[in-house]
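Participant: After the structure tokens below, expect a handful of questions from me.
The values are calculated or read from the model by the stated rules, or taken from the named source; none is laboratory data. Keep in mind that this is a model prediction, so the values were computed, not measured. Here the Cβ positions follow ideal geometry from the backbone for every residue, glycine too, while neighbour counts run over all protein chains shown.
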Amino acid sequence: MTDMVYPLPAEPKVSFFQTLRFRLIVSVALVHAILMGAFVWLAVTKQSENIRTDLINRAHALTSLMAVASTNALLSENLGSLAEITGRVKRQPDVVYGAIVDIRGDVLASTDPAQVGHHIDLARRSRRSHVLDLRDTVRAAGQPVGTVLLGMSTRALDAHIAETRDQGVAFILLAIVAGSLVAGALSYVITRNLHTLMGAARDIGGGHLAARVNIRARDEVGLLGGAFNAMAESLEATSDQARREHEKRTDAERLACVGELSASIAHEIRNPLSAVINSVKLLGHPSLTAADRTQAIGILNTETQRLQRILNDFLDFSRIRETRPVADDICALIDEVAHLIGEDTQARAVRVHVQSADRPCRTLHDPDQMRQVIWNLILNSVQAMPDGGDVYCRLVREGALVRVSIADTGCGIPDHLLERIVRPFVTGRKQGTGLGLSIVQRILMQHGTRLEVMSHVGAGTEVSFTLEAA
Ligand SMILES: Nc1ncnc2c1ncn2[C@@H]1O[C@H](COP(=O)(O)OP(=O)(O)OP(=O)(O)O)[C@@H](O)[C@H]1O
Ligand SMILES: [Mg+2]
């Protein structure tokens, strides 16, 4: 069994920035950047606070120690002892400078011997960068006897903080890259299965109902794949059933059609055949007069011609060949048919008018088949006006289409006939076989269009159809 194949619309283009993959990668990268950024910032801040506090505590302890150690030496102005204290201070880590001054501000001892003897303005604070400055007043019996000054370097502290910060930033970048890679791989696994599903859905949309997906994942996408297959299975079963029912119905319709057609043919040929049989019987009668003979031969002539016409029409109807549309001037074709029919109907005072804004008016049609369509339609109009009248053939552009309409001022079509008019052997004329419009309809359907009929008894009829403009 073959599936019906339908043309599919072109696959919509999705830019990478609209894809699920891009969104997943960006989301994970953003979450990583924000969370890791906050974490690293907190860690760096906390660690630098701890190191700074540690340094300050060490500096305070050292100045206190200097103050205590230098009290007696200050009282006794023992410069050697004071120099020994600053010498010991100098050996401590991170010390930039250390000095002991008397209450006037004169340097009595210093880690920089060149400073000894100089005067220091104690009201002025040092402005050296990367140095933590501390001072402590040395008291004896509650009275100030001097001041110790200490400068501790913060360079190691700053370098340590910068190193921690740099490591944090590197860690953030690493987390973003690793997160993005994991998100990319994850989204690839998910979207690969979604793409498989999408392809199968498109196949089913295109009529290949046997399309299935093979998704092994045991997650939601796997469940979706299972549900998709179940849906496709039931769709295929329903379609098969519908097809079988359609075939059954078509067979029944075909049989009914054959029956109807046989009955119509029998009905059509019964009268002329009876006339032929009677005439032949009459011709064999011994007491046949010359006048009877002439009449019988005349009847034979007319009725056999009628039989031939019926058979020709029937053959035309049953043998409509494949349509070969080309770009052709429909206006010229109507002119040609109108001219031929006009010549034939001059005596009946029927005027055929062809009206078109465009000349030439090119449409896509099979010229031979379209000639037959126009011929049958104009002929019907002519036959509907036994006392003469006008037939208007109009060509009107409707966007990409051209509407061909043929209107007359004839007798019109009664309602009971109107709805069956395009069925074979439906006729309202004594001499008609009722195949003209059914041939027209079949040809038009092969051109992808249909006949539209509007009629008012006593006023006239307008039949029309559209063709693709070329
Ligand atoms: N323009 C028209 N005006 C009035 N009646 C029409 C017109 N066209 C068709 N009909 C009616 O529709 C009937 C069916 O038309 P159709 O062309 O199929 O068959 P027919 O003309 O009877 O026979 P055939 O065309 O096979 O010789 C006609 O018999 C006629 O009664
Ligand atoms: Mg006809």
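To keep it simple, each residue is scored yes or no on (1) surrounded by fewer than 18 Cβ atoms within 10 Å (Cβ to Cβ); (2) small (Gly, Ala, Ser).
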| site | (1), (2) |
| --- | --- |
| Asp387 | yes, no |
| Gly399 | yes, yes |
| Pro424 | no, no |
| Arg429 | yes, no |
| Ile443 | no, no |
| Arg450 | yes, no |
| His456 | yes, no |
| Ala459 | yes, yes |
| Phe465 | no, no |
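Participant: Pick from Gly98, Gly87: which is within 24 Å of Thr137 (Cβ to Cβ), in a helix (DSSP H, G or I) and of a type outside the set (A, V, I, L, M)?
Facilitator: Gly87
Participant: Here's something else I'd like to know. Between Leu444, Leu417, which is within 30 Å of Gln308 (Cα to Cα), part of a helix (DSSP H, G or I), aliphatic (A, V, I, L, M) and within 14 Å of ligand 2 (Cβ to nearest atom)?
Facilitator: Numbers: Leu444 fails: within 14 Å of ligand 2 (Cβ to nearest atom).
None of the other options fit; the residue is Leu417.
Participant: Take Leu315 and tell me if it is under 30 Å from His365 (Cβ atoms) and in a helix (DSSP H, G or I).
Facilitator: Values: under 30 Å from His365 (Cβ atoms): yes; in a helix (DSSP H, G or I): yes.
So Leu315 fits the description; yes.
Participant: Based on what the data block shows, is Val426 β-branched (Val, Ile, Thr), within 15 Å of ligand 2 (Cβ to nearest atom) and closer than 17 Å to Ile378 by Cβ?
Facilitator: Numbers: β-branched (Val, Ile, Thr): yes; within 15 Å of ligand 2 (Cβ to nearest atom): yes; closer than 17 Å to Ile378 by Cβ: no.
Here the answer is no, as Val426 does not meet what is asked.
Participant: Any residue at all in segment 82-95 that is loosely packed, with under 13 Cβ neighbours inside 10 Å and within 16 Å of Ser153 (Cα to Cα)? Full working, then the answer.
Facilitator: Our first condition is that a residue be loosely packed, with under 13 Cβ neighbours inside 10 Å; within segment 82-95, this holds for 91, 93.
Then keep just the ones that are within 16 Å of Ser153 (Cα to Cα); that gives 91, 93.
Yes: segment 82-95 contains one or more residues that are loosely packed, with under 13 Cβ neighbours inside 10 Å and within 16 Å of Ser153 (Cα to Cα).
Participant: Checking Ile120 against (1) surrounded by 15 or more Cβ atoms within 10 Å (Cβ to Cβ); (2) modelled with pLDDT of 90 or more; (3) farther than 30 Å from Asp166 by Cα, which test does it fail?
Facilitator: It is condition (2) that Ile120 fails.
Participant: While we're on this one: Being at negative phi and modelled with pLDDT of 90 or more narrows it down to one of Val101, Val28, Val14, Val44, so name that one. If you could, list the steps in order and put the result at the bottom.
Facilitator: Numbers: Val28 fails: modelled with pLDDT of 90 or more; Val14 fails: modelled with pLDDT of 90 or more; Val44 fails: modelled with pLDDT of 90 or more.
None of the others qualify; the one that does is Val101.
Participant: Might you let me know whether segment 302-312 holds any residue that is part of a loop (DSSP other than H, G, I, E, B) and surrounded by 14 or more Cβ atoms within 10 Å (Cβ to Cβ)? Show your work before the answer.
Facilitator: Initially, segment 302-312 is screened for residues part of a loop (DSSP other than H, G, I, E, B), giving none.
The answer is no; no qualifying residue exists.
Participant: So Val148 fits all but one of (1) in a loop (DSSP other than H, G, I, E, B); (2) touching a strand residue (DSSP E or B) at 6+ places or on another chain (Cβ under 8 Å); (3) of a type in the set (A, V, I, L, M); what number is the exception?
Facilitator: So Val148 meets the others, but not (1).
Participant: Next question, about the same structure. Of these, Asp292, Asp358, which one is among the charged types (D, E, K, R) and either under 30 Å from Arg403 (Cα atoms) or in contact with a strand residue (DSSP E or B) (Cβ under 9 Å, 6 or more places away or on another chain) (or both)?
Facilitator: Working: Asp292 fails: either under 30 Å from Arg403 (Cα atoms) or in contact with a strand residue (DSSP E or B) (Cβ under 9 Å, 6 or more places away or on another chain) (or both).
None of the others qualify; the one that does is Asp358.
Participant: Which of the residues spanning segment 202-217 are under 20 Å from Ser187 (Cβ atoms) and either hydroxyl-bearing (Ser, Thr, Tyr) or at pLDDT 85 or above (or both)?
Facilitator: First, pick out the residues of segment 202-217 that are under 20 Å from Ser187 (Cβ atoms): 213, 215-217.
If the condition is that a residue be under 20 Å from Ser187 (Cβ atoms) and either hydroxyl-bearing (Ser, Thr, Tyr) or at pLDDT 85 or above (or both), then Val213, Ile215, Arg216 are the ones that fit.
Participant: Which of the following residues is over 25 Å from Ala263 (Cα atoms), part of a loop (DSSP other than H, G, I, E, B) and modelled with pLDDT of 95 or more: Thr461, Thr449? Can you show your working first?
Facilitator: Working: Thr461 fails: part of a loop (DSSP other than H, G, I, E, B).
Within the list Thr461, Thr449, the selection yields Thr449.
Participant: Okay, moving on. Looking only at residues in segment 401-413 that are within 8 Å of ligand 1 (Cβ to nearest atom) and of a type outside the set (A, V, I, L, M, F, W, C), which one is surrounded by the fewest Cβ atoms within 10 Å (Cβ to Cβ)? Show your work before the answer.
Facilitator: We begin by selecting, within segment 401-413, every residue within 8 Å of ligand 1 (Cβ to nearest atom); these are 406, 408, 410-413.
Next, from what is left, pick out any that are of a type outside the set (A, V, I, L, M, F, W, C): 408, 410, 412.
On the way: Asp408: 27, Gly410: 24, Gly412: 18.
Ranking the candidates gives Gly412 first.
Participant: Next question. Take Asp335 and decide whether it is under 19 Å from Leu437 (Cβ atoms) and in contact (Cβ under 8 Å) with a residue 12 or more places away in the chain. Outline the logic, then answer.
Facilitator: Details: under 19 Å from Leu437 (Cβ atoms): no; in contact (Cβ under 8 Å) with a residue 12 or more places away in the chain: yes.
No; evaluated as a whole, the condition is false for this residue.
Participant: Check off (1) in contact with a Phe, Trp or Tyr (Cβ under 8 Å, 6 or more places away or on another chain); (2) assigned to a helix (DSSP H, G or I); (3) closer than 29 Å to Gln18 by Cα for Thr191 and give me the number that stays unchecked.
Facilitator: So Thr191 meets the others, but not (1).
Participant: For segment 372-388, state whether one or more residues are away from ligand 2 (no atom under 15 Å from the Cβ) and farther than 28 Å from Arg270 by Cα. Walk me through it before giving the result.
Facilitator: Let us first name the residues in segment 372-388 that are away from ligand 2 (no atom under 15 Å from the Cβ), namely 387-388.
Now drop any that are not farther than 28 Å from Arg270 by Cα, which leaves 387-388.
Checking segment 372-388: at least one residue is away from ligand 2 (no atom under 15 Å from the Cβ) and farther than 28 Å from Arg270 by Cα.
Participant: Say whether the condition of being within 9 Å of ligand 1 (Cβ to nearest atom) and either polar (S, T, N, Q) or closer than 25 Å to Ile269 by Cα (or both) is met by at least one residue in segment 444-460.
Facilitator: Taking every residue of segment 444-460 in turn, at least one turns out to be within 9 Å of ligand 1 (Cβ to nearest atom) and either polar (S, T, N, Q) or closer than 25 Å to Ile269 by Cα (or both).
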